[in-house]
Amino acid sequence: INISINITKQCNLNCKYCFNKNKENKRVSVQDSIRFIEKIIKDFPNAKKYHVDLSGSGEPLLELDTILKIATYCKDKSNEIRKEILPMFVCNGTLLTKEIAEILQNHGVLFGISLDGTKKYHDKNRIFKNGKPTFDIILKNVKNIKNRDYVGCAITINDDDINLVKMVKLLRKYFNTISIKFARSNDKLDINLIKNQYTQLANFLVNEIYNKKIDVLMCLLNGDDLFGKYISLVLQNSISNHRCDAGIGKFALNSDLLVYTCSGAVYSDDLCLGSIDNIDYLKGRKIIQNALNNQKCQNCIIQKYCGHECLVRLSDGMDDFMCQIKEHLLTLALMLSIIIRNNDNLYLYLVKFLEDKAKRFSGDTEFDDFVRFYGDYSFTDLKKIKDFDEKK
């Protein structure tokens, strides 16, 4: 279960593609945040794991004190219910000093950083309010993080003046997880140029595999990257019924204390599920079902793998650009899987990795048994033992 909280709408940047234009001085208090988390846990007691996402629509590190108080609550609640409640967020990286990163990690907070590839591309869009660039400051902060093993990177594509291979090669030096996404408005993008960029990326991955290098491939598989997701599905002979659990296993609290299908939906009345005390879970399921029943999707040859479109994007109608991109990415994933399957050792290694990754997100039955057996120890202490063993 993913519990999203829009702890602040304020931001110290003025990114050109940001959907939060007003940067209002609105936030969610620690008390209301805890009340919302308690409500979701109470309504979904059988969940194996809970993610508390504090990303919202602003810069979360402007509310560091709130984050730390919520993290302390999550730790105490985890010990109470003996299940993991993991606080997490994505930040812009400008405020993430060495000291703050260490404080967050000591509090058990998982965080990622938005960094749009190369300096030239990043600094076109991700700028301070005075127009000054941010890339050098962010990269300096990234380099100073003591433990980057679990720090992910999010790239946002806003125009087609990109070099995906160059981007991922650079970011791989600093991150073990890379996720590429498109800005909500993609009318600036040339579909053929973007397809060509992904074809070049796929060819790069093939050459890397032949040279016995898979570090960039692992970065894409390790997170929430769209291309990585399709490679994973093909390797595991799996399908994807819907893009994410928005409205089913993902719920977001906005500063108006209304609940939405996800953190990106807080500006859409159609995706509102009610208030903290009166969440219409049935509406969330109906929204997903209506989206899946879209006639265009019913007639699509890749509907079983696509995962459908983001509900927020769908609120503006079907996005033909994303449909074409997904079909192209699935084709490339199929091609790449043939290369991988011809290497038995690599294929078995990746399948095992993907199985372990699924446990991180959906729960680990073996660890659950471990927690039950050692009932005299706190959940937090047992989790530290598990994490230490995995690192070894």
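The values are calculated or read from the model by the stated rules, or taken from the named source; none is laboratory data. Predicted, not measured: the structure shown is a model, and the values here were computed from it. A quick note on method: Cβ atoms are made from the backbone with ideal geometry, for glycine too, and the neighbour counts reach across all protein chains shown. These accessible areas exclude ligands, DNA and RNA; they are computed on the full protein's heavy atoms, side chains included. Shrake-Rupley method; radii C 1.70, N 1.55, O 1.52, S 1.80 Å.
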Give me the pairs: first residue in region 162-188 and without any contact (Cβ under 8 Å) to a residue 40 or more places away in the chain and more than 22 Å from residue 354 (Cα to Cα), second residue buried (at least 16 other Cβ atoms within 10 Å of the Cβ) and among the acidic types (Asp, Glu), beta-carbon distance under 6 Å, and six or more apart or on different chains, which are they?
188/159
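One line per residue, one yes/no per condition, for (1) under 30 Å from residue 34 (Cα atoms); (2) not polar (S, T, N, Q):
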site	(1), (2)
215	no, yes
238	no, no
251	yes, yes
263	yes, no
275	yes, no
So how many residues does region 9-33 have that are within 22 Å of the chain's Cα centre (by Cα) and closer than 18 Å to residue 275 by Cα?
3
Leading residue by the ranking (surrounded by the most Cβ atoms within 10 Å (Cβ to Cβ)) among those in region 348-362 that are more than 17 Å from the chain's Cα centre (by Cα) and not β-branched (Val, Ile, Thr):
350
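Got a sec? Which of 9, 26 is of a type outside the set (S, T, N, Q) and open to solvent by 30 Å² or more (accessible area, probe 1.4 Å)?
The match here is 26.
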If a residue has to be more than 15 Å from residue 4 (Cβ to Cβ), open to solvent by less than 20 Å² (accessible area, probe 1.4 Å) and touching a Phe, Trp or Tyr at 6+ places or on another chain (Cβ under 7 Å) to count, how many in region 54-80 make the cut?
1
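Out of all the residues in region 29-53, which are aromatic (Phe, Trp, Tyr) and crowded, with 18+ Cβ neighbours inside 10 Å?
36, 50
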If you check 159, 187, which single one turns out to be part of a loop (DSSP other than H, G, I, E, B), open to solvent by 70 Å² or more (accessible area, probe 1.4 Å) and either under 26 Å from residue 332 (Cβ atoms) or among the small types (Gly, Ala, Ser) (or both)?
187
Filter pass, residue 96 being among the hydrophobic types (A, V, I, L, M, F, W, C), over 13 Å from residue 37 (Cβ atoms), in contact (Cβ under 8 Å) with a residue 24 or more places away in the chain and open to solvent by less than 20 Å² (accessible area, probe 1.4 Å)
yes
With respect to residue 316, determine if the residue is farther than 28 Å from residue 49 by Cβ, among the charged types (D, E, K, R), at pLDDT below 85 and open to solvent by 70 Å² or more (accessible area, probe 1.4 Å).
yes
Condition first: under 22 Å from the mean Cα position of the chain (by Cα), over 17 Å from residue 6 (Cβ atoms) and assigned to a helix (DSSP H, G or I). Can you find one or more residues in region 253-267 that meet it?
no
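Out of the residues in region 8-33 that are among the aliphatic types (A, V, I, L, M) and more than 30 Å from residue 123 (Cβ to Cβ), state the one that is modelled with the highest pLDDT.
Selected residue: 30.
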Among the residues of region 34-77, count how many are at pLDDT 95 or above, under 24 Å from residue 376 (Cβ atoms) and either among the small types (Gly, Ala, Ser) or in contact with a Gly (Cβ under 8 Å, 6 or more places away or on another chain) (or both).
2
